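Chemist: Mind having a look at this structure? Questions to follow.
The values are calculated or read from the model by the stated rules, or taken from the named source; none is laboratory data. Values in this document were obtained by computation on a predicted structure and should not be read as measured data. We place every Cβ from the backbone using ideal geometry, glycine too, and count neighbours over all the protein chains shown. These accessible areas exclude ligands, DNA and RNA; they are computed on the full protein's heavy atoms, side chains included. Shrake-Rupley method; radii C 1.70, N 1.55, O 1.52, S 1.80 Å.
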Amino acid sequence: MSGMRLEVAEFLSLPGDPAKTNEDAYGHSETAALVIDGATPLGEGLMPGPSDAAWIAQFGARRLMAHLQGGDGARKALRAALADTQKSFEALRRHEPEDMWQTPCASMMLVVPSEKGIEFLWFGDCAALVKQGDAAVTMVGETFDKRAAEAQAAQALAKEKNLSPAAGLSRQEFIFALRRRRNRINSGDSWLFSPDMKAAAHASRRVIKVAPTSYLLLATDGFLALASDYGAYSADSLMAAALDKGLVALGEELRAIEADDAGGDKFPRFKKSDDATALLLRID
């Protein structure tokens with residue numbers, strides 16, 4: 001198993017709004033791959049650059065890959081990358097956060113081949129699909145449950161405020177409720193990739209024995225919305241479509257569905273389109 005390598009078959013990363021910064025990031029090598037989804041800022045940023053979400057996604061991806069390339073195991077690399085993130089955040093931020101919602105944070109899915117199988121570490125609602133031969137797809141992560149909960153929240157809040165669900169995260173009618181939710185991050189079981197070394201101990205972990213010639217699809221929730229939010233695919237048919245039609249075609253389908261429901265009335269969500277990133281990997 002230690003001799004197994006990850007080969008990138010295709011990758012895709014689309015901004016939710018072409019006029020704005022893509023706040024997803026990804027990284028890959030023969031021995032590791034990851035996707036990171038920066039949480040949409042809910043106010044003024046604390047860091048230099050286009051957005052705090054883009055900063056933590058890009059910085060986190062770079063540091064994770066650097067430590068993994070240096071020979072660290074998955075959990076050790078995560079601890080080191082979080083330490084780097086905490087140090088950089090404290091050095092560069094404009095001021096200390098007054099509330100947790102101001103702290104940059106991100107969902108993540110990281111995969112590393114090991115002696116025991118493919119090791120998965122994740123935060124939040126990024127996920128991985130594993131396809132081995134004719135067997136059903138295995139899903140790693142909680143994207144479907146988390147997205148269903150967010151859709152319910154968007155629908156309830158929109159009804160309360162008499163707005164379309166996808167009116168925008170920055171709407172005053174939504175922002176205070178969203179900040180209250182974000183303030184619960186890094187407490188209980190709601191940890192994310194963030195400038196806090198303690199988060200490493202709270203990353204979810206799973207190891208799966210995977211045969212050579214299998215495929216992995218790593219994706220942020222914006223891409224997985226094709227299945228989790230819009231019901232255009234199941235986990236199995238999404239993986240089949242990725243292998244058959246390719247990620248670019250799936251990205252076009254995703255945006256077409258969202259354009260046809262721009263207000264979020266059919267598919268309740270907090271914004272018309274989210275950043276969408278996917279990595280399709282073959283295990284050799």
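Chemist: Residues 177, 232: which one is modelled with pLDDT of 95 or more and either closer than 29 Å to residue 268 by Cα or not in a loop (DSSP other than H, G, I, E, B) (or both)?
Modeler: 232 is the lone residue from the list that is modelled with pLDDT of 95 or more and either closer than 29 Å to residue 268 by Cα or not in a loop (DSSP other than H, G, I, E, B) (or both).
Chemist: Condition check: surrounded by fewer than 22 Cβ atoms within 10 Å (Cβ to Cβ), of a type in the set (Gly, Ala, Ser) and assigned to a strand (DSSP E or B). Does residue 13 satisfy that?
Modeler: yes
Chemist: While we're on this one: In region 68-99, which residues are of a type in the set (A, V, I, L, M, F, W, C) and open to solvent by less than 50 Å² (accessible area, probe 1.4 Å)?
Modeler: 68, 74, 77, 78, 80, 81, 82, 83, 89
Chemist: For region 16-34, give me each residue that is within 26 Å of residue 272 (Cα to Cα), assigned to a loop (DSSP other than H, G, I, E, B) and either in contact (Cβ under 8 Å) with a residue 60 or more places away in the chain or out of contact with any Pro (no Cβ under 7 Å at 6 or more places or on another chain) (or both).
Modeler: 16, 17, 18, 19, 20, 22, 23
Chemist: Name every residue in region 225-248 that is of a type outside the set (S, T, N, Q), at negative phi and open to solvent by less than 30 Å² (accessible area, probe 1.4 Å), in order of residue number.
Modeler: Once the filter is applied, which keeps residues that are of a type outside the set (S, T, N, Q), at negative phi and open to solvent by less than 30 Å² (accessible area, probe 1.4 Å), region 225-248 yields 225, 226, 227, 230, 235, 238, 239, 241, 242, 247.
Chemist: Against the condition buried (at least 20 other Cβ atoms within 10 Å of the Cβ) and hydroxyl-bearing (Ser, Thr, Tyr), how does residue 107 come out, does it pass?
Modeler: Yes: the conditions hold for residue 107.
Chemist: So which pairs qualify, if the first residue must be in region 78-92 and of a type in the set (Gly, Ala, Ser), the second must be buried (at least 19 other Cβ atoms within 10 Å of the Cβ), the Cβ gap must be under 8 Å, and the two must be at least 6 apart or on different chains?
Modeler: As it stands, the answer is 80/63; 80/67; 81/60; 81/63; 81/64; 81/67; 88/59; 88/195, since those pairs meet every condition given.
Chemist: To continue, here is another question. Would you pick out the residues in region 92-124 that are of a type in the set (D, E, K, R) and either within 13 Å of residue 216 (Cβ to Cβ) or touching a helix residue (DSSP H, G or I) at 6+ places or on another chain (Cβ under 8 Å) (or both)?
Modeler: 99, 119, listed by residue number.
Chemist: In region 110-143, how many are closer than 16 Å to residue 206 by Cβ, out of contact with any Lys or Arg (no Cβ under 6 Å at 6 or more places or on another chain), of a type outside the set (Lys, Arg) and open to solvent by 10 Å² or more (accessible area, probe 1.4 Å)?
Modeler: 12
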